[in-house]
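Please read the structure below before turning to the comments.
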Amino acid sequence: MAHSAPPRLRADAQRNRDRLLEVAVRAFSQDGPDITLEAIAKEAGVGIGTLYRHFPTREALVEAAYRGELARLRDSADALLADRAPADALRVWMDLFLEYMTTKRGMADALRAVIAAGGNPYAESRGRLVDALTTLLEAGATAGTVRTDVRPEDVLATLSGVTLAAGDPAQRAQAGRLLDLLMAGLLKNS
């Protein structure tokens, strides 16, 4: 007997799940790990039973919220390349990375609780981020606008450093200038 794929969620169930994740990211980022699951369910417009059907534990919700943000960032590379020139797509993606890292920093305490419970929310992070950067850098190299000798791992490390330097929201303008400097270093000289 052949194994089938897990059943797809009904449209309303998928909307509820997506809304729960959206609210959870914001809640854990802004309110910290002590926000009640009841408050998240209420803000998402669902009952607590619906939350628990999708996410049986707090840790499952935190991990799913984080992984959803990671997937959104990864997928944005392809979407940006569909609408923009590769160098422009890369620079916009850098801003999205900064937002992602700000969210991740806001969720830090909640993510630590997941790790303490035996989870590993970061298991796929580096690979997915390197994958996105590889896509963007290769598109830029093919277009002749981005240097071909740049390793995506090096760009990721530099981006991570920029986010550390811009940890305070007041430093957002500086982060933009640092990303512009990084981008200038990635562009191929004409």
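The values are calculated or read from the model by the stated rules, or taken from the named source; none is laboratory data. None of these values were measured; they are calculated from a predicted model. Note: ideal-geometry Cβ built from the backbone for every residue, glycine included; neighbour counts use all protein chains shown. Each accessible area value is taken on the protein alone, full model and side chains, heavy atoms only, with ligands, DNA and RNA left out. Shrake-Rupley method; radii C 1.70, N 1.55, O 1.52, S 1.80 Å.
The HN-Hα couplings worked out from phi for region 24-34 by the Karplus form 6.51 cos²θ - 1.76 cosθ + 1.60 (θ = phi - 60°) are 4, 4, 5, 5, 5, 6, 8, 9, x, x, 8 Hz, whole numbers, x standing for Gly and Pro. Here the spin labels are modelled as points 7 Å beyond Cα on the Cα-Cβ line, and at L164 and A108 they lie 1.2 nm apart.
Full extension of the chain between Q171 and A143 yields a length gain of 6.8 nm, computed as 0.36 nm times the residue separation minus the alpha carbon distance. Scoring 127-133, 58-64 by mean Cβ neighbours within 10 Å over their residues and listing the highest first yields 58-64, 127-133. With θ taken as phi - 60° and the Karplus curve 6.51 cos²θ - 1.76 cosθ + 1.60 applied, the whole-hertz 3J(HN,Hα) list for region 134-143 is 4, 4, 5, 5, 5, 5, x, 5, 4, 6 Hz, x standing for glycine and proline.
Nonpolar atom fraction for region 105-190, defined as the carbon and sulfur part of the 1.4 Å probe accessible area, stands at 53 percent. Using a ≥ b ≥ c from the Cα gyration tensor of region 1-84 (square roots of the eigenvalues), is it rounded, prolate or oblate, where a/c under 1.5 gives rounded and otherwise the larger of a/b and b/c decides, a/b for prolate? Cα axes put region 1-84 in the oblate bin. A P(r) calculated from all alpha carbon pairs of region 110-169, with 10 Å bins opening at zero, reads 20, 34, 32, 11, 3 percent. With bins 5 Å wide beginning at 0, the percent of Cα pairs of the chain falling in each bin runs 1, 7, 15, 16, 16, 14, 12, 9, 6, 3, 1, 0, 0. If a spin label sat at a point 7 angstrom from the Cα of D12 along the line to its beta carbon, the backbone N atoms of region 39-56 nearer than 14 Å would be those of 46-47, 50.
Cα centroids of region 144-162 and region 22-55: 36 Å apart.
Note that the chain presents 55 Å² accessible area per residue, ligands and nucleic acids not counted, probe 1.4 Å.
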